[in-house]
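S.K.: Have a look at the structure that comes next, please.
A short reminder: the numbers here are calculations on the coordinates, not readings from a lab. In this text, all values refer to a predicted model and were calculated from it rather than measured experimentally. Positions of Cβ are generated from backbone atoms using ideal geometry, with glycine treated the same way; all protein chains shown enter the neighbour counts.
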Amino acid sequence: MTDRSLRRVDELLTELVELVETARAVPMSGSCVVPRERTLDVLDDLREYLPAELAEARQVLSQRDALLAEAREHAAQLVHDAELRAYEIVEAGKAEHAELVSASRVHQTAAEQAAQTREAAQAYAVDQRAQADQYAAALRQDAQGFSDRTLADLVDVLQQAMATAEQGRDALSHGGDDANPTISA
């Protein structure tokens with residue numbers, strides 16, 4: 001709309017307002033009587049200037065609506081993409097968390113099992129040592145008993161041998177009283 005057109009539209013609107021303001025009032029009401037012909041002429045003149053501007057305004061509004069729709073669609077796509085990316089990040093975080101928790105649990109379980117195995121090995125070693133000590137003590141006792149019995153038997157044999165030797169000596173020293181001395185075994 002040109003400056004001249006804008007001025008003319010403004011003049012016509014001002015004239016229309018003056019017509020209404022200066023119109024005769026209808027008694028006992030808020031209505032007034034305006035000169036019909038002059039008012040219609042002013043309105044016709046306004047129609048001449050406004051249609052082009054109304055078409056431009058409609059076109060601008062249509063373009064605005066199209067731009068707003070496109071902006072909303074673009075914004076909706078951006079929101080959708082952001083939500084999708086956020087979901088992916090959250091899921092990746094959950095997966096990494098689960099992996100770390102799992103690795104931590106595996107490590108913890110392995111450490112617990114290693115401690116249990118170490119304790120069991122130490123207990124087994126202590127038990128085996130105790131059994132070995134008992135077995136060695138039993139073997140020592142058996143060996144001591146065997147050597148004691150063997151030595152006692154040897155002492156008995158040697159005492160018998162000494163007694164026999166004494167008898168033989170006595171028999172020899174008495175000169176052969178007996179031609180055939182008896183050796184006791």
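S.K.: With 16 Å as the cut-off, how large is the P(r) tail for the stretch 6-70, expressed as percent of Cα-Cα pairs? Numbers along the way, then the final one.
M.R.: Details: 1245 of 2080 pairs.
Percentage above 16 Å: 60.
S.K.: Express the relative contact order of the chain as a whole percentage, based on alpha carbon pairs under 8 Å and six or more residues apart in sequence.
M.R.: 11
S.K.: So what is the calculated 222 nm ellipticity per residue for the chain, using -39500 (n - 2.57) for each DSSP H run with n of 4 or more, over all residues, to the nearest 500 deg cm²/dmol?
M.R.: Working: 2 runs with 157 residues, N = 185.
Calculated from helices alone, the mean residue ellipticity at 222 nm is -32500 deg cm²/dmol.
S.K.: Arranged by the count of other C-beta atoms within 10 angstrom, fewest first, what order do R8, R47 take? Numbers along the way, then the final one.
M.R.: Details: R8 16, R47 11.
Fewest-to-most ranking of R8, R47: R47, R8.
S.K.: Taking the Cα atoms only, what angle lies between the long axis of helix 3-21 and the longest principal axis of the chain, rounded to 10 degrees?
M.R.: Roughly 70 degrees between the two axes.
S.K.: Helix 36-173 versus the longest principal axis of the chain: what angle, 0 to 90°, nearest 10, using Cα atoms?
M.R.: 0
S.K.: Taking amide hydrogens as modeled 1.01 Å from N in the peptide plane, which residues meet the under 5 Å criterion relative to C32, leaving out close sequence neighbours?
M.R.: Result for C32 returns V26.
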